[in-house]
Amino acid sequence: MKSKGMIMASAAALAGLLCAGSVQAQVQVSGTAALTSDYVWRGSSQSEGDPAAQVGAKVTVGSGWYASAWGSNVSFAPDSGARSEFDLVAGWSGALSPDWSLDANLTRYVYPGTGRALDWTELNVTTTWKQRAWLQVAHSNDALAGGRRGTYAQLGVRVPLNERVRLEAAVGQYWLATAQGPDYLHGQLSAIATLTPAWELRATVHDTDSAAKRLFPGNAGGRWELALQGSF
């Protein structure tokens, strides 16, 4: 599906969610904004180690269905022509029990203006326990727009130190088809400080195994990331 078509489909999905809710359904609109020293995704820099500005918007109806759009500047080596990334998401999230919650969504990664087939789609499911631990599993038959299947899993924990500071740690494994690239492992550790109810400062250290370094030369391995994040 072309980028323009995906953007139109996302807009239609947003409108559909609003129309699908009853008059009594609560509609929530939220947004995020961030400035980060490096855009790191699954252990690999998406900005060649340079800073990135990121913004997102989300519409949720009372039943838990939602649609969102998120964007960031990007830069890849070798140069693919991509300068921006937009993640278009439609899904459902909600509580399964007092301790467990679920988020299931379909994500379309879009790189406008490249003139190349870089766009791809992924199914994501994340289960969370007491907001303290989570397990994410994602699968695509066109992982990283490579025309091959790929499955990603991440296990993470969140540890509050006090009312304003918490630690988060996660480890992820990406299983890729042999023709696509080697399977690889990455990990990350973050310290997050709440500055105001809307703003957080996050410092993260990332590392990967040697397979990721071979797959993403120059963009994987150990690196730091500092981000100022806001939610509205």
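The values are calculated or read from the model by the stated rules, or taken from the named source; none is laboratory data. Note that the structure is a prediction, hence the values are computed from the model and not measured. When we count neighbours, we look across all protein chains shown, and the Cβ atoms used for this are built from the backbone with ideal geometry, even at glycine. Quick note on the areas: whole protein, heavy atoms, side chains included, nothing else; ligands and nucleic acids left out. Shrake-Rupley method; radii C 1.70, N 1.55, O 1.52, S 1.80 Å.
With the contact rule set at Cα under 8 Å and sequence spacing of 6 or more, what percent relative contact order holds for region 114-183? Kindly include the intermediate steps, with their values, before the conclusion.
Numbers: 133 pairs, mean separation 16.6, N = 70.
Normalised by residue count, the contact order of region 114-183 is 24 percent.
So if I place +1 on the C-beta of Lys and Arg and -1 on the C-beta of Asp and Glu, and nothing else carries charge, what would the dipole magnitude of the chain be about its Cα centre? I want it in debye, nearest 20.
Values: 18 positive and 18 negative charges, 47 e Å.
Roughly 220 debye, rounded to the nearest 20.
Along the three principal axes, how long is the chain when you take its alpha carbons, biggest first, rounded to the nearest angstrom?
53, 46, 29
Accessible area, 1.4 Å probe, largest first: how do 114, 178 sort? All intermediate terms of the calculation are to be shown ahead of the outcome.
On the way: 114 25, 178 135 Å².
I get 178, 114, largest accessible area first.
Between residue 77 and residue 129, how many nm apart are label points set 7 Å from Cα along the C-beta direction?
Placing both labels 7 Å along Cα→Cβ, they lie 4.1 nm apart.
Of all the accessible heavy-atom surface of the chain, with the other protein chains kept in place and a 1.4 Å probe, what percent is carbon and sulfur?
62
Could you tell me what fraction of 2.2 N^0.38 Å the Cα radius of gyration of region 104-183 comes to, as a two-decimal ratio? Working shown, then result.
Working: Rg = 15.8 Å, N = 80, 2.2 N^0.38 = 11.6 Å.
That works out to 1.36 for region 104-183.
Let me know the charge dipole size of region 94-232 about its Cα centre in debye, to the nearest 20, where only the beta-carbon of Lys, Arg (+1) and Asp, Glu (-1) is charged. Write down the numbers at each step before the final one.
Values: 13 positive and 12 negative charges, 27 e Å.
I would put it at about 140 debye.
Taking 0.36 nm per residue of separation and subtracting the Cα-Cα distance, what length does fully extending residue 189 through residue 161 add?
Numbers: separation 28, 0.36 × 28 = 10.08 nm, distance 1.42 nm.
Gain on extension, residue 189 to residue 161, equals 8.7 nm.
Run the numbers on the chain and let me know its relative contact order in percent, using alpha-carbon pairs under 8 Å that are six or more apart.
15
In Å, what Kirkwood hydrodynamic radius results for region 116-163 from the alpha-carbon pair distances? Write down the numbers at each step before the final one.
Details: mean 1/r = 0.0801 Å⁻¹.
About 12.5 Å for region 116-163.
At R0 = 25 Å, how high is the FRET efficiency between residue 63 and residue 168 if r is their beta carbon distance? Nearest 0.05 is fine. Before the final figure, lay out the partial values.
Numbers: r = 29 Å, r/R0 = 1.16.
Taking R0 as 25 Å, the efficiency between residue 63 and residue 168 is 0.30.
Given 25 °C and 0.890 mPa s, compute D for region 175-232 with the Stokes-Einstein relation, Rh being the Kirkwood radius over Cα pairs; round to the nearest whole µm²/s. Walk me through the numbers on the way to the answer.
Numbers: Rh = 13.2 Å.
Answer, rounded: 186 µm²/s.
Report the gain in length on full extension from residue 100 to residue 141: 0.36 nm times residue separation, minus Cα-Cα distance, nm rounded to one decimal. Present the calculation step by step, with values, prior to reporting the outcome.
Details: separation 41, 0.36 × 41 = 14.76 nm, distance 2.85 nm.
Once the chain is fully extended between residue 100 and residue 141, it gains 11.9 nm.
Would you calculate, for the chain, the mean residue ellipticity at 222 nm contributed by helices, counting each DSSP H stretch of 4 or more residues as -39,500 (n - 2.57) and dividing by all residues, to the nearest 500? All intermediate terms of the calculation are to be shown ahead of the outcome.
Values: 2 runs with 24 residues, N = 232.
Result for the chain: -3000 deg cm²/dmol, rounded to the nearest 500.
Averaging sequence separations of C-alpha pairs under 8 Å and six or more residues apart, then dividing by the length of region 80-141, give the relative contact order as a whole percent.
Details: 122 pairs, mean separation 18.1, N = 62.
Reported relative contact order: 29 percent.
Taking every pair of distinct Cα atoms and averaging 1/r, then inverting, what Kirkwood hydrodynamic radius in Å comes out for region 60-194?
On the way: mean 1/r = 0.0595 Å⁻¹.
After inverting the pairwise mean of 1/r, the radius is 16.8 Å.
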